[in-house]
Amino acid sequence: MSIKGYAICAFLGVLLVSCPSKKTLLVPVLLDYQLDYPDEARRQGIEGTVHVRVLVNRSGRAEEVTISKSSSNLLLDSAAVRTAKTFVFSPAVVGDEKMQTWVMVPIEFKFREVDYNDWLAQVEVLQRRIAKSADEQATEELYELYRQMIFSPWDVDDLEFNQYIREIVAERAAAVWENHWSVYPARVVLFVDIISRYPDSFTALKARADLNRFLEQEKIKMRHNLNEVRTDTLLGRIKRAVDYQ
């Protein structure tokens, strides 16, 4: 089985500002960057490509970033600029001299199918690793896997993965969704699990903030697809589960 996860693909093309004649130009190579795919864009299943122009300085850093061709979506355009500002290149070189160069980078925001068995295996490995020794890095990696599930585009009738979420979360988190596993997507339970498992971690603080933002939209959908009493019951359970630490 697979879930619709997310990924950003960045492809590098080069536009030279100048190239002295009779000298070989070694063009910049993209070495590293921090991906930024907005949660709301992921949640809505928004995909697209943004073309950015980046001025790469002699240190290989992005000095200026402008949008050359929009994706026609503000969320993706803004995320592309934020991503491009983190780019690290090998600087352009002419002869033995490093030079400043403009490059064109198409940044593609695209969902991909994620094999659920692989996802589950990674989650279980990280949970065991954290259980043996408190490891903030592993906790962050676990939360990122959770976010991959949370912010994948789900339909309210898509309940096939609830059983797997139920399998990997602790009992305290699972109790939040009692009598609702076959009724409504249980993505929010993953927030509860990370917060209740590792309450003193920095990751838990981040998850709390993410949960509050997530519920601003999710509770509207819940009230639309469930009744108000059921929604308020679930919201009350969530609050108690994350506050009782």
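We did not get these values from a lab; they are worked out from the coordinates using the rules stated. For clarity, every value in this text was computed on a predicted model and none was experimentally measured. Neighbour counts run over all protein chains shown; Cβ positions are idealised from the backbone, glycine included.
Residues in the stretch 55-64 that are in a strand (DSSP E or B) and more than 15 Å from ASP36 (Cβ to Cβ): LEU55, VAL56, ARG61, GLU63, GLU64. Taken together, ARG42, ARG53 contain a single residue that is in contact (Cβ under 8 Å) with a residue 40 or more places away in the chain and in contact with a Pro (Cβ under 8 Å, 6 or more places away or on another chain), which is ARG42.
Residues in the stretch 175-183: is at least one of a type in the set (A, V, I, L, M) and either on the phi > 0 side of the Ramachandran plot or crowded, with 22+ Cβ neighbours inside 10 Å (or both)? Steps first, answer last, please.
Narrowing the stretch 175-183 to residues of a type in the set (A, V, I, L, M): 175-176, 183.
From the residues that got through so far, the ones that are either on the phi > 0 side of the Ramachandran plot or crowded, with 22+ Cβ neighbours inside 10 Å (or both) too are 176.
Checked against the condition, which is being of a type in the set (A, V, I, L, M) and either on the phi > 0 side of the Ramachandran plot or crowded, with 22+ Cβ neighbours inside 10 Å (or both), the stretch 175-183 yields at least one hit.
Taking ARG82, is it outside any strand (DSSP E or B) and closer than 25 Å to PRO38 by Cβ? Yes: the conditions hold for ARG82. Counting only helices (runs of 4 or more DSSP H) that sit completely within the stretch 124-188, those holding 3 or more residues that are farther than 20 Å from LEU235 by Cα correspond to 136-150, 162-168. So, VAL188, is that one surrounded by 19 or more Cβ atoms within 10 Å (Cβ to Cβ), under 17 Å from the mean Cα position of the chain (by Cα) and touching a residue at least 40 places away in the same chain (Cβ under 8 Å) or not? Taking the combined requirement at face value, the residue satisfies it.
Residues in the stretch 115-152 that are under 30 Å from LEU226 (Cβ atoms), in contact with a strand residue (DSSP E or B) (Cβ under 6 Å, 6 or more places away or on another chain) and of a type outside the set (Phe, Trp, Tyr): GLN148, SER152.
Please determine whether any residue of the stretch 115-123 is part of a loop (DSSP other than H, G, I, E, B), out of contact with any helix residue (DSSP H, G or I) (no Cβ under 7 Å at 6 or more places or on another chain), among the small types (Gly, Ala, Ser) and closer than 23 Å to THR203 by Cβ. Walk me through it before giving the result.
Residues of the stretch 115-123 that are part of a loop (DSSP other than H, G, I, E, B), as a first pass: none.
No, the conditions are met nowhere in the stretch 115-123.
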